[in-house]
Amino acid sequence: MALDGVFTRFLANELQNELRGARVSQIHQPNKDELVLNLRTFEGGRKLLISARANSPRVSFTESAPENPASPPMLCMLLRKKLGGAKISSVTQPGLERIIFIDFDSTDELGDEVKYTLACEIMGRYSNIIFLDGEGIVIDALKRVDASMTTQRIVLPGMRYELPPAQDKLSVLDCQPGEIAEKITGGECPDKLDKAILRTVLGISPVISREIDYRITGGAQVYADRLSPNYKNRLEYYITKLVNNVRELDGQPYCIYDENGKPKDMSFMEITQYGTLYTVKKAESFSSLLDGFYSERDRAERMKAKSQDLLKLLTNASERASRKINTQKAELEKCADREHLRVCGDLLQANLYKIEKGAPFVVLENFYDENMASMRISLDPSKSPSQNAQRYYKEYRKAKTAERVLTEQIKLAEEELEYLDNVFDSLSRAETERELAEIRSELASTGYVKNAAGKGKGKEPKPLPPLEFKTTDGFKVLVGRNNRQNDTLTLKTAGKNDLWFHTKDIPGSHTVLVTDGKTPSDDAIMQAAAIAAYHSRARDGSQVPVDYTLIKNVSKPQGARPGTVIFVKNKTLYVKPSTEFKT
């Protein structure tokens, strides 16, 4: 990840231009790692997300602010008290540190003007958000750091704020290009050029050091202490260009996408080192680049944190159901030999007169065998021949009953496991707390959760509507968010001549192509199938089988679990999962 010191410099400058003079209207703390400031700027309302997540720390405007908890945490209430209505006076960066200071002009309880600062430290797992007074004293922090955690830099209320320890590198803001180039090539330890650049230059990430190396050498593997005169001249040229770009704030936001179209890295300069392997696109702004780069990852992490209890419950229930199935199948295998028990009983009953009482076994001709082969039958010496025969009949009846019961129990356990897989799939695609609440409510109705969220506290919130999409020729496509919504969509909302879609033998959502009495085109059917595949466990597949049929051919068995239906007269398509189609 390339949110380095230089990238932070361009970001801070962009935020300074857009935030100066903005006023704080609301402050939220959606979770323990994030703050959201609702701001009134000259261009209208904006949301500023400040994240101290280890995997996605940043300061950026966002269009998809996370949901807020029912009650605000203590730090959030403190910030609301101190910064409510405050005006942002400046946004700065100390040197090339991955830190952004947001300064506020506010008033205290007596109406006197006071200054506050949010120190937003964007440093991976050491990221933090620290609230300072006008004298640089820590008022509070998102993550307090005491002496038991570190001896280098303590962050506690009442302590003076200190910058992180300086790195032994050269800053492009303070040093001349020739000085930097000389240190790169004069290292005591022989390093490849990109490693030497990274080791020497402050504030750049590996992708930038590799890019400078690539532009100098064209991809050749060279060592910094063995550069030819030509390479040395090129090194000083590109270092000079880097210095000028950073000092003059002449940088542009670029995002690097892999072959699957997923964001891989980011940069303040155009990246050419990947050739045609990856795609490089210029973003609208540094802030929008960060928001787009991290939004999907953050959403998944937020929902994972908020759904931990459900994940644990479902995991335990699935493991329990799997163990139950394995145990019952092992018992069922033992019942497979029940006919042998009946045959033994029949042979003993037909030959009672031949059997001596107290014998441990008897050898009798098997009249069920075409060759009348002899069969050795074990006996209980303490029982009479007739009692031994009845013992085999009893074991036979017991095995027969067990087979019937076990077959039914295995079927029920497999249906339970399939249901849990479907809930897992719904949970993996949940995007809001309301969706989690609906899943909790569903699990409560099926007996997996004892107390549904919100039970006894008034009416349950109104169910969310199904997801809605449009095909390129205008047909509406509806997708259920969870099992309960799948039932409602399929059995109540959809018309009998609408088309129903579901991934074949793969957990996923019910998907309905609304026809409104029209005949859907082949393109509309294919696109609806692609949408159904996208909202399933096979989202990342390439050729996913999707069954489809008319709604009137879909029904729900009596007593079936939520989301479970049966269907007939279906056809199968193989599609690539997608929700976006070109017109």
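Any idea what the dipole of the range 24-96 comes to, in debye rounded to 20, about its Cα centre with Lys/Arg Cβ at +1 and Asp/Glu Cβ at -1?
Values: 10 positive and 5 negative charges, 55 e Å.
The calculation lands at about 260 debye.
Expressed in nm to one decimal, what extension gain is obtained for the pair Lys450 and Phe367 from 0.36 nm per residue of sequence separation less their Cα-Cα distance?
Taking 0.36 nm per residue and subtracting the Cα distance, the gain is 24.0 nm.
Remind me, what semi-axes does the range 255-307 give for its equivalent ellipsoid, largest first in whole Å, using sqrt of 5 times each Cα gyration tensor eigenvalue?
Semi-axes from the Cα gyration tensor: 25, 14, 7 Å.
Once Lys and Arg get +1 and Asp and Glu get -1 on their Cβ, which of Ser60, Ala86, Gly134 lies farthest toward the positive end of the dipole of the range 45-159?
Ser60
I need two numbers for the range 203-292: Rg to one decimal and Dmax as a whole number, Cα atoms only, in Å.
Both quantities, over Cα of the range 203-292: 14.3, 43 Å.
Under 5 Å between amide H atoms, partner at least 5 residues away or on a different chain: which partners does Thr107 have, H built in plane at 1.01 Å?
Those qualifying (amide H under 5 Å, at least 5 residues apart or on another chain) are Val114.
Using a simple charge model, +1 on the beta-carbon of Lys and Arg, -1 on the beta-carbon of Asp and Glu, nothing else, what dipole does the chain show about its Cα centre, in debye to the nearest 20? Walk me through the numbers before you get to the answer.
Details: 85 positive and 81 negative charges, 391 e Å.
Result for the chain is approximately 1880 debye, rounded to the nearest 20.
Any idea how far the Cα center of the range 28-86 sits from the one of the range 382-419, in Å?
One Cα centre to the other: 63 Å.
Quick one: putting +1 on the C-beta of Lys and Arg, -1 on the C-beta of Asp and Glu, what dipole do you get for the range 369-508 around its Cα centre, in Debye to the nearest 20? Write down the numbers at each step before the final one.
On the way: 24 positive and 23 negative charges, 142 e Å.
So the dipole magnitude of the range 369-508 works out to roughly 680 debye.
At 7 Å along the Cα-to-beta-carbon direction for both Met123 and Lys394, put a label point, then send me their distance in nm to one decimal.
Here the answer is 7.8 nm between the modelled labels.
For the range 425-583, what log10 I(q)/I(0) values come out of the Debye formula at q = 0.17, 0.20 1/Å, with one point per alpha carbon and no solvent?
-0.98, -1.28
Only helical DSSP H runs with n ≥ 4 go in: add -39500 (n - 2.57) per run for the chain, normalise by residue count and round the 222 nm mean residue ellipticity to 500 deg cm²/dmol.
Rounded to the nearest 500, the figure is -12000 deg cm²/dmol.
Mind checking Rg over Rh on the range 91-204, alpha carbons, Kirkwood formula for Rh?
Ratio of gyration radius to Kirkwood radius for the range 91-204: 1.11.
Hey, can you list the DSSP H helices of the chain whose Cα span along the axis is 15 Å or longer and whose average Kyte-Doolittle score is at least -0.5?
Qualifying helices: 5-19, 206-217, 338-350, 522-534.
What length, rounded to one decimal in nm, is gained on full extension from Thr549 through to Glu415, with 0.36 nm per residue of separation minus their alpha-carbon distance?
Details: separation 134, 0.36 × 134 = 48.24 nm, distance 2.24 nm.
Stretched out fully, the Thr549 to Glu415 stretch lengthens by 46.0 nm.
Once you have the Kirkwood Rh of the chain from its Cα pairs, apply Stokes-Einstein at 4 °C and 1.567 mPa s and quote D in µm²/s.
For the chosen part, D equals 43 µm²/s.
Run the accessible area of the range 322-375 with a 1.4 Å probe and give the carbon-and-sulfur part as a rounded percent.
Working: 1820 of 3720 Å².
Carbon and sulfur together cover 49 percent of it.
Bins of 5 Å, beginning at zero and ending with the bin holding the largest distance: percent of Cα pairs per bin for the range 13-55, please.
6, 22, 28, 20, 15, 8, 1
Output needed: percent of Cα pairs per 10 Å distance bin for the range 308-414, bins running from 0 to the one holding the longest distance.
14, 32, 22, 16, 10, 6, 2
Mind jotting down a quarter of the surface of the convex hull over the alpha carbons of the range 278-363, in square nanometres, one decimal?
Averaging across all directions leaves 13.6 nm² for the Cα convex hull.
With an 8 Å Cα cut-off and a minimum separation of 6 or more residues, compute the relative contact order for the chain in percent.
Value for the chain: 8 percent.
Of the peptides 433-441, 233-241, 477-485, 316-324, how do they stack up when ordered by the mean number of other Cβ atoms within 10 Å, highest first?
Taking the mean over residues of other Cβ atoms within 10 Å, the ranking is 477-485, 433-441, 233-241, 316-324.
Kirkwood Rh over Cα pairs of the range 357-414 into Stokes-Einstein at 20 °C, 1.002 mPa s: D in µm²/s?
Answer, rounded: 156 µm²/s.
If I compute solvent accessible area with a 1.4 Å probe over the protein chains, what percent of it on the range 418-532 is carbon and sulfur? Let's see the in-between values first.
On the way: 2730 of 5580 Å².
Carbon and sulfur: 49 percent of the exposed surface of the range 418-532.
Which aspartates and glutamates does Lys115 reach when only Cα atoms under 16 Å apart count, and residues fewer than 8 places away in its own chain are ignored?
Lys115 reaches Asp103, Asp105, Asp133, Glu135, Asp140.
Taking only protein heavy atoms and a 1.4 Å probe, what accessible area per residue, in Å², does the range 462-541 have with all protein chains in place?
45 Å²
Beyond 20 Å, how much of the Cα-Cα pair distribution for the range 17-143 remains, as a whole percent?
40 percent
The values are calculated or read from the model by the stated rules, or taken from the named source; none is laboratory data. These numbers come from a predicted model, not from an experiment. Ideal geometry is used to build each Cβ from the backbone, glycine not excepted, and the neighbour counts take in all protein chains shown. To get the accessible areas, we keep the full protein, side chains included, count just its heavy atoms, and leave off ligands, DNA and RNA. Shrake-Rupley method; radii C 1.70, N 1.55, O 1.52, S 1.80 Å.
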